[in-house]
1. Setting aside same-chain residues fewer than 8 positions from B:LYS43, which aspartates and glutamates have a Cα under 20 Å from its Cα?
2. Between B:ARG125 and B:ALA205, what length comes free when the chain is fully extended (0.36 nm per residue of separation minus the Cα-Cα distance, one decimal in nm)?
3. Determine which lysines satisfy two conditions relative to B:LYS332: a Cα distance under 17 Å, and not lying fewer than 8 residues away in the same chain.
4. Buried accessible area between B and A (1.4 Å probe, both chains summed, ligands and nucleic acids excluded), in Å² to the nearest 100?
5. For the pair A:PHE182/A:SER99, report the inter-label distance in nm, with labels modelled 7 Å from Cα in the Cβ direction.
6. Label points 7 Å out from Cα along the Cβ direction at B:ARG8 and A:GLU80: separation in nm?
7. Return the FRET efficiency for the residue pair B:THR178, A:ASP113: r is the Cβ-Cβ distance, R0 is 41 Å, and the value is rounded to the nearest 0.05.
8. What would the Debye formula give as log10 I(q)/I(0) at q = 0.09, 0.13 Å⁻¹ for the alpha-carbon point model of chain A, no solvent?
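The values are calculated or read from the model by the stated rules, or taken from the named source; none is laboratory data. Nothing here was measured: the structure is a model prediction, and the numbers come from that model. All Cβ positions, even for glycine, are placed from backbone atoms using ideal geometry, and neighbour counts span all protein chains on display. Keep in mind that these areas ignore ligands, DNA and RNA; they rest on the heavy atoms of the full protein, side chains included. Shrake-Rupley method; radii C 1.70, N 1.55, O 1.52, S 1.80 Å.
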Amino acid sequence: MHGLINRAIQNFLRDTYGGSLWVGVVRHAALDFDTFEPMLSYDPALTDRVIGAATALLSRPRETLLEDLGTYLVSHPNVEALRRLLRFGGIGFADFLHSLEELPGRGRLAVPDLDLPALDLSETGPDSFCLRCRSVLPGAGHVMVGLLRAMADDYGALVLLDHEGEEDGAEIIAIRLLARDFAEGRRFDLALARGA
Amino acid sequence: MMDGGTLRPEPTVPPPALDRLMPMHLWLDPGGRVLSAGSTLAKVIALPPVVADEVPARLFDLFDLRRPGGVADMERLRAASGHRLYLVARAPGQPAFRAVAAGLPDGGVLMNLSFGIGIVEAVRRHGLTEADFAPTELAVEMLYLVEAKSAVMEELRQLNRRLQGAKSEAEERALTDTLTGLRNRRAFDQALDRVLNQMQVQARAEADPAGFSLMHLDLDFFKQVNDSHGHAAGDQVLVAVAQVLRRETRAADTVARVGGDEFILLMPGLTDRARLCAIADRIIAGVGRPVIYGGAECRVSASIGVTVAEAGIRHDAARLLADTDSALYAAKKAGRGCAILSGRGEMIPPTACPPGEAGDRR
């Protein structure tokens with residue numbers, strides 16, 4: 001698993017639960033280092049061990065932890081760069097949904113060896129969608145649920161999201177777009193202010 | 001073969017459709033007057049809206065066509081159809097554009113402009129949004145890439161900084177004796193090499209050369225401390241000796257622990273025998289003070305061999321070390337707890353030191 005993903009999980013645990021939890025995770029997961037380097041690659045089993053250790057230490061279900069990770073990736077100020085990169089996906093939330101299939105390609109444009117989940121979006125009705133998510137990380141669909149919920153907030157859209165389990169090796173997420181312009185949403189300037 | 005005059009109509013594009021496809025177009029009449037301008041372009045160059053009963057702005061009043069050179073009228077603009085054009089808006093502080101022109105049957109010209117490489121600055125300055133670009137344009141992807149690249153570069157920069165820090169730390173560790181914090185054998189060898197090289201460079205440059213001295217120190221009775229009080233006591237003694245050596249030397253000196261109870265001092269620029277004797281005696285006095293460990297008194301003494309590497313002579317590291325070694329051996333033989341100076345092959349006991357500087361020798 002790419003270091004960027006592992007580092008994102010590490011930062012999420014640190015920023016949300018504090019440095020001492022991360023120290024505990026390092027010990028519990030028997031890592032032989034205390035920090036993931038974002039630009040190196042790691043055995044995928046390590047990622048799973050880290051998530052397993054965190055759920056054990058926090059006594060939280062894996063699904064909710066992963067969903068919180070997804071929300072963190074979009075809404076925490078420490079990962080503003082990622083939120084911005086995601087916002088390049090489209091003008092509105094519906095546009096963004098349609099751009100999801102391009103997400104792994106966009107990731108590779110920036111970091112050629114970055115393996116993001118394969119995403120497949122189909123329209124199941126007016127303003128209803130079904131997202132299929134395939135990843136080496138079990139439960140990646142829950143990360144997507146958290147991320148989509150936070151992105152909907154970011155765009156000011158109102159959505160209903162439902163993780164409907166697994167089918168043919170893909171996690172299924174049902175999406176209902178209830179209102180495109182429900183709230184103001186967060187500002188997004190195409191170009192960063194100089195010095196920002 | 002005309003079939004009753006049913007001429008196929010020329011396709012015409014109404015301005016709103018043109019704007020949707022090319023929000024940075026300019027449509028010019030044969031006189032170079034702007035018949036319609038794309039909404040994004042109009043916003044960026046602050047072009048007043050094209051109104052029917054007003055005299056329209058003229059292309060060459062709005063823009064300076066920089067390249068290819070000489071495109072200063074409509075005839076030459078039509079001739080440049082299909083080529084890449086570079087133009088700059090005449091209003092001050094405006095961005096540069098690249099453009100392509102196509103001649104129209106009525107003698108007019110249709111042009112499409114873009115920001116080219118200056119896109120990030122243009123988007124920032126004019127607060128452009130995705131809606132300002134045609135959905136087929138890769139402008140937004142370009143902006144995405146610029147940001148993604150910067151984010152990745154920042155990660156790499158931080159990685160490099162961490163690696164640099166880890167490297168210096170590892171290098172420092174590789175040169176340090178962990179118990180005493182003094183330099184180790186490796187560090188001493190490097191320091192000796194450095195000072196010998198420096199002497200050669202100075203000799204070649206005929207600069208004022210400086211010599212140096214080596215002091216090889218071996219603890220007496222250290223084995224007895226270890227045997228009767230344990231290794232922890234021995235370690236405590238070594239740490240105390242290191243403190244004495246640090247205290248009696250200057251920052252520029254190299255103080256290394258090179259064996260279990262062996263230390264070497266390299267003192268650049270110091271060749272004065274009287275000063276060397278004084279330092280050796282102070283070290284012997286300091287090391288001779290008992291160390292209390294676990295209520296027990298641990299006593300060692302120091303034997304020291306000293307070699308002076310005079311300036312102006314080509315020295316060999318192995319030879320210098322051998323000289324220092326034999327001086328140390330002589331000091332041990334002379335009854336321990338004393339220093340012997342080996343200069344030009346001869347042994348000079350420290351009793352030859354000027355009176356009053358000999359310290360409390362045993």
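1. Straight-distance partners of B:LYS43: A:ASP189, B:ASP19, B:GLU54, B:ASP61, B:ASP64, B:GLU121, B:GLU130, B:ASP132, B:GLU137.
2. Full extension from B:ARG125 to B:ALA205 adds 22.9 nm.
3. Once the sequence-local lysines are set aside, what remains near B:LYS332 is B:LYS223.
4. Numbers: alone 20760 and 10300 Å², together 29080 Å².
Buried: approximately 2000 Å² between A and B.
5. Taking the simple label geometry, A:PHE182 and A:SER99 are separated by 2.1 nm.
6. Once both label points are built, they end up 5.7 nm from each other.
7. Details: r = 39 Å, r/R0 = 0.95.
FRET efficiency, B:THR178 to A:ASP113: 0.60.
8. The Cα Debye sum returns log10 ratios of -0.34, -0.71.
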